[in-house]
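Structure first, then comments.
The values are calculated or read from the model by the stated rules, or taken from the named source; none is laboratory data. Note that the structure is a prediction, hence the values are computed from the model and not measured. Backbone-built Cβ (ideal geometry, glycine too); neighbour counts: all protein chains shown. Calculation scope for accessible area: heavy atoms of the full protein, side chains included, ligands and nucleic acids excluded. Shrake-Rupley method; radii C 1.70, N 1.55, O 1.52, S 1.80 Å.
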Amino acid sequence: MSTSLIWADSGVPRVIPIDRGAGAIIIGRSPDSVIQFADDSVSRHHALLRIGANGDSLDNLSKSNPARVNERPIDQPARLSDGDLLTFGKVTVAYHNLSQAARISGPRCAHCGRENATPRKDCWFCGTSLVNAGSADRTRVPIAFRAARVPGKPWVDVAPGEMLAIRDGNLLVEPEAMPKAGSWTVSTGDGHLRLNAGDEPPELLLNEEMAREGPITAGDQLTVDADRVVLLTRE
Ligand SMILES: [Zn+2]
């Protein structure tokens, strides 16, 4: 599921997987739309999502209320980029395309030699300042999965060997196998969910069921202390 749309259903993020072989997909309110939004502000046939080998684009089909990409009404096919916000009437969806998603890792620490998962001021492992770390000591890593919230909210990309941490309402990425004492993380880097519990483990739901451990697949929904996150993968 390298390409998907995420929209908010009463505040809950929902994933719509996009079939890369579909060619063109009609988005609208009409029941014959491939992607249907039952909202009066959406035109019967509002937009056409074209899936192409060299990239995807969006065509407007609504005369009265043009579809928008990142708030700009479109009057000709708009080429889409990972993270674009598409708006149809009052419905906004986020376009996610993980096929080319890679992340620049944080710098290698001159003191302990380890590579930090994300750009940061101090080394996650030893606390040494990274301010003077060379910009060449960064690598581009293909991501393993993305943890996203409703459209417009920040997401994080997690590379192999890293884990997702959800702390104080923030999505964070940390090196795997080094959960910090007294806190907790959700480890998912190997396609498996594990709750690394700290002093006060949170309530963790996987697809609305209580879970501490289990396999994860694209589109799964994690709920951590009522904070809802969906997972997207490259497959
Ligand atoms: Zn270090």
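The sole residue among W155, W184 that is modelled with pLDDT under 80, aromatic (F, W, Y) and either away from the ligand (no atom under 15 Å from the Cβ) or open to solvent by 70 Å² or more (accessible area, probe 1.4 Å) (or both) is W184. Mind telling me which of the residues G55, G106, G113, G89 ends up being within 16 Å of the ligand (Cβ to nearest atom) and more than 30 Å from L193 (Cβ to Cβ)? Only one candidate passes the filter, namely G113.
Within region 213-233, count every residue that is open to solvent by less than 20 Å² (accessible area, probe 1.4 Å) and part of a strand (DSSP E or B). Please lay out each step first, then the result.
Filtering region 213-233 for residues open to solvent by less than 20 Å² (accessible area, probe 1.4 Å) gives 214, 220-224, 229-232.
With part of a strand (DSSP E or B) added as a condition, the list becomes 214, 221-224, 229-232.
Count: 9.
Taking A94, is it modelled with pLDDT of 85 or more and more than 16 Å from the ligand (Cβ to nearest atom)? For A94, the condition - modelled with pLDDT of 85 or more and more than 16 Å from the ligand (Cβ to nearest atom) - is met. Checked against (1) open to solvent by less than 20 Å² (accessible area, probe 1.4 Å); (2) in a loop (DSSP other than H, G, I, E, B), I166 passes all but a single condition, namely (2).
Find the residue count for region 109-149, including only residues that are of a type in the set (A, V, I, L, M) and under 22 Å from the mean Cα position of the chain (by Cα). Before you say what the answer is, go through the steps one by one.
The first filter runs over region 109-149 and keeps only residues of a type in the set (A, V, I, L, M), leaving 110, 117, 130-131, 133, 136, 141, 143-144, 147-148.
Keeping just the survivors that are under 22 Å from the mean Cα position of the chain (by Cα) gives 117, 141, 143-144, 147-148.
Number satisfying all stated conditions: 6.
Inspect region 94-108 for any residue being open to solvent by 70 Å² or more (accessible area, probe 1.4 Å) and more than 21 Å from the chain's Cα centre (by Cα) and give the result as yes or no.
Here is the first cut: in region 94-108, the residues open to solvent by 70 Å² or more (accessible area, probe 1.4 Å) are 100, 104, 108.
Next, from what is left, pick out any that are more than 21 Å from the chain's Cα centre (by Cα): 108.
Yes: one or more hits.
With the condition kept exactly as written, say whether any residue in region 71-84 is part of a loop (DSSP other than H, G, I, E, B), away from the ligand (no atom under 16 Å from the Cβ), closer than 25 Å to A22 by Cβ and open to solvent by less than 10 Å² (accessible area, probe 1.4 Å). No, because not a single residue in region 71-84 is part of a loop (DSSP other than H, G, I, E, B), away from the ligand (no atom under 16 Å from the Cβ), closer than 25 Å to A22 by Cβ and open to solvent by less than 10 Å² (accessible area, probe 1.4 Å).
Among the residues making up region 12-68, a single one is in contact with a strand residue (DSSP E or B) (Cβ under 8 Å, 6 or more places away or on another chain), loosely packed, with under 12 Cβ neighbours inside 10 Å and of a type outside the set (D, E, K, R): G23.
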